[in-house]
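Right, one structure below, let's go through it.
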Amino acid sequence: MLVATGLVKRYGEIQALDGFTLSVAAGEIVGLLGHNGAGKTTFVEIVSHLIRQDGGTVTIDGKPPSAVRGQVGVAPQHLALYPSATVREHLELYGRLSGLRRAALSSAIDDLAVMLRLTDLMDRRAGKLSGGQQRRTQAATALVHRPALLLLDEPTAGADLETRQAMLDVVKQRAGEGAAVVYTTHYLPELTELQATIAVARDGRVIARGTYEELARDLPGEVRVTLEDEEEIRISTSDPAATLIDLLHRTDRPISSVDVRNASLDDLYRSLAVHDAP
Amino acid sequence: MLLDVSRPGPGRLGSLLGSAHRIGALARHNMTLRLRDPGQMISYVAMPMVLMLVLKPLYVRALDGGATQVATGLMVMFSVFAISLAGNAILSERTWRTWDRLRVTRAPAAELLVGKTLPLFVVMVAQQAILLVYGCLAIGLPVPSMPHLVFLAILIWAFALLAIGAALATLVRSHGELSVISDVGALTLSSLGGALVPLSLMPEWAQLAAHASPGYWALVMMQSAVAGDVAGTLRPAGVVLAIGLLSGVFAARRLARGWGRGGLL
């Protein structure tokens, strides 16, 4: 569905993208991770046809982004709502701009209102909504025309639990229907819940891509043993279970607690995005 | 069912209908927003009405055709003030970040611009028409013998103001900056153009400088149109139209690039 190869983008002295390569298949959710400035938003803006790349190619279903304008659902990182327009008016505007009319528009709006828990807020102006409600409204404008490619740039930034759960539910549902989803976030547990393929961006390129299991395979876990005299033993190991058994055999001092931890998504993110060179 | 990105585009008629549908949606949305914030619009209609009434005796005693001068002069001056309506409406799209959000939709930049400015155009035409009708009813402005000529002049002037306002909105960095430029600019351009004092009473240098003011050409166009002078209307109308087209092309090019990191900033 989405294929980006070797994208390059420079803003003056800043190299925002430097050979950014990423593909997303229909029905796949790709969680795009990376620090601020890693190139995530620039990538989303190029795919949205808001800006042009200096080099490389990007195609959506084999076509350039300019040829599929409006057929991609985009929820930008920053809120982009009209303070004096109601939630319903936002959805009607973006639905109509996507070609939806009358019954189809009304049905799409009603469905989304239920899924994103906006039903009681439909006639409230966006400027009067809470941050989480505004996030859900913005996401709804990206989803109303049921696009085959969804670009969600930190859709849950600063959002409450209700918003986060509603957003994850609807993203899973759309991916289940066959939509390709690019989901950038700093909340790593969301990617576990979405069962997303993980892509880690750093310095304007994707340095790792795969499932959590694939990427975490060689990462060390940790065995932590606390003795009764409150001394703590911590061992970083690629096989926490075997290490624990070995440790229990070798120690003859009384033990008060044992904690075995496999590599987490946080460990994975830190190891790829922060420490290792690409 | 998901939207199919690989489906072929609509035919020529379908494309035109789609375009009209999108412009209609944008225009309706923008008219709703405008009507929810009517203060500026109302003040630009009510204030010149009051000023016309207050200044009418002075103008009528001091000038031949004083009623025409006070009615058309204040109409032109306050229509120039309305540039800030257009400027604010477009600049708000930047501060709300909604313009770039709209650029991601199926509507191309030209449709976005038409859908955004159509309601403003209607408001500006209505403002000028109301002030002229008021001028005829309450101030003693002669009833135009060729109303369609006056209407054409109003359309051209509204278009030019809208384009200048849109161009201004793409150049300024804040609402405060826009407010200063549009207010000072409106007063300077319209008074230099003869909206307050007839050109014949102004110093020679000012009479020369007036030709650089769109307000001058607008006033000549309006007064000629009210007098039913077709030839006298068309020349200034051409100048006003040219100013509008130049500003419009400039604004459209800037707005098509958006305000994102790859755009105007």
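The values are calculated or read from the model by the stated rules, or taken from the named source; none is laboratory data. None of these values were measured; they are calculated from a predicted model. Heads up, the Cβs are rebuilt from the backbone with ideal geometry, glycines too, and the neighbour counts pull from every protein chain shown.
Remarks
- Filter pass, B:Ser179 being within 16 Å of B:Leu74 (Cα to Cα) and in contact (Cβ under 8 Å) with a residue 12 or more places away in the chain: no
- Residue within region A:184-203 that is within 14 Å of chain B (Cβ to nearest Cβ) and over 25 Å from A:Thr42 (Cβ atoms) present: no
The rows are residues; the columns are (1) at pLDDT below 90; (2) not in a helix (DSSP H, G or I).
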{"site": "B:Arg173", "(1), (2)": "yes, yes"}
{"site": "B:Val220", "(1), (2)": "no, no"}
{"site": "B:Gly228", "(1), (2)": "no, yes"}
{"site": "B:Leu234", "(1), (2)": "no, no"}
{"site": "B:Gly244", "(1), (2)": "no, no"}
{"site": "B:Val249", "(1), (2)": "no, no"}
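- Selected residue (only one of B:Gly73, B:Gly9, B:Gly14 is at pLDDT below 90 and either in a helix (DSSP H, G or I) or among the aliphatic types (A, V, I, L, M) (or both)): B:Gly14
- Residue within region A:23-46 that is facing chain B (nearest Cβ under 7 Å) and not in a strand (DSSP E or B) present: yes
- Being among the small types (Gly, Ala, Ser), assigned to a loop (DSSP other than H, G, I, E, B), within 17 Å of the chain's Cα centre (by Cα) and in the same structural domain as A:His78 (by TED's automatic domain parsing) holds for only one residue in A:Ala199, A:Ala159, and it is A:Ala159.
- Residue check for A:Arg234: assigned to a loop (DSSP other than H, G, I, E, B), modelled with pLDDT of 80 or more and either within 19 Å of A:Leu188 (Cα to Cα) or out of contact with any helix residue (DSSP H, G or I) (no Cβ under 7 Å at 6 or more places or on another chain) (or both): no
- Residues located in region A:82-91, provided they are buried (at least 22 other Cβ atoms within 10 Å of the Cβ) and more than 7 Å from chain B (Cβ to nearest Cβ): A:Val87, A:His90, A:Leu91
- The conditions of being within 13 Å of chain B (Cβ to nearest Cβ), within 17 Å of B:Asp100 (Cβ to Cβ) and either under 19 Å from the mean Cα position of the chain (by Cα) or outside any loop (DSSP other than H, G, I, E, B) (or both) are met by A:Leu79.
- The set of residues in region A:204-231 that are at positive phi, at pLDDT 85 or above and either surrounded by fewer than 19 Cβ atoms within 10 Å (Cβ to Cβ) or among the polar types (S, T, N, Q) (or both) contains only A:Gly210.
- Verdict on A:Asp153 being under 22 Å from A:Arg88 (Cβ atoms) and either in the same structural domain as A:Arg209 (by TED's automatic domain parsing) or among the polar types (S, T, N, Q) (or both): no
- Exactly one residue among B:Ile164, B:Ile130, B:Ile90, B:Ile156 is at pLDDT below 90 and of a type in the set (Val, Ile, Thr), and that residue is B:Ile90.
- Of all residues in region B:180-217 being part of a loop (DSSP other than H, G, I, E, B) and within 22 Å of B:Met52 (Cβ to Cβ), the one that is farthest from the chain's Cα centre (by Cα): B:Met202
- With respect to the conditions (1) modelled with pLDDT of 90 or more; (2) closer than 22 Å to B:Arg97 by Cα, A:Ala148 falls short on a single one, namely (2).
- Failed criterion for B:Gly87 (all others in (1) within 14 Å of chain A (Cβ to nearest Cβ); (2) within 30 Å of A:Thr41 (Cα to Cα); (3) of a type outside the set (Asp, Glu) hold): (1)
- Residue ID - nearest to B:Leu17 (Cα to Cα), chosen from residues in region A:96-147 that are part of a helix (DSSP H, G or I) and of a type in the set (S, T, N, Q): A:Ser106
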